[in-house]
Amino acid sequence: MEEKEYWPKQFRLYHAPGTTYGFVGRDLDVLEIERRLLATSDGKRRNMLLVQGMGGSGKTTLLKHLMEWWQTTGFVEHVSYFGYDEHAWNASQIMDRLAQELLPDKLRA
């Protein structure tokens, strides 16, 4: 039974696209992002983070790697990507897409 449930779950996981030279040398960046996301302030977890930098510096590649890594390690259960390289998203579109991804059965009823 476990194997029967394992493979469909693996198929649904996000898989980051390959890069020309592989994904190396960003371990400290990954550690810093995870540390900041798990940090608490005033007893509350602030689980938001802004990643900014010059175009072409690897922000999207880093975040797509984290999406795969965090699902693999169980840090998160579900990932969603809203990049401007795909579409100029507004808040309403993001909320609609999240509802479709997270509540698919509820929206069909």
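The values are calculated or read from the model by the stated rules, or taken from the named source; none is laboratory data. Note that this is a predicted model, so its numbers are computed, not measured. Note that each Cβ is placed from the backbone with ideal geometry, even for glycine, and that neighbours are counted across all protein chains shown.
Count of segment 24-40 residues, restricted to those that are under 18 Å from GLN52 (Cβ atoms), surrounded by 11 or more Cβ atoms within 10 Å (Cβ to Cβ) and aliphatic (A, V, I, L, M), is 3. Number of residues in segment 81-99 that are polar (S, T, N, Q) and surrounded by 12 or more Cβ atoms within 10 Å (Cβ to Cβ): the value is 1.
Selection of segment 41-70 for residues being loosely packed, with under 10 Cβ neighbours inside 10 Å and not in a loop (DSSP other than H, G, I, E, B) yields SER41, LYS44.
Within segment 71-80, the set of residues being loosely packed, with under 11 Cβ neighbours inside 10 Å and on the phi < 0 side of the Ramachandran plot comprises THR73, GLU77. The residue that is nearest to HIS78 (Cα to Cα), among those in segment 11-32 that are hydrophobic (A, V, I, L, M, F, W, C) and modelled with pLDDT of 85 or more, is VAL30.
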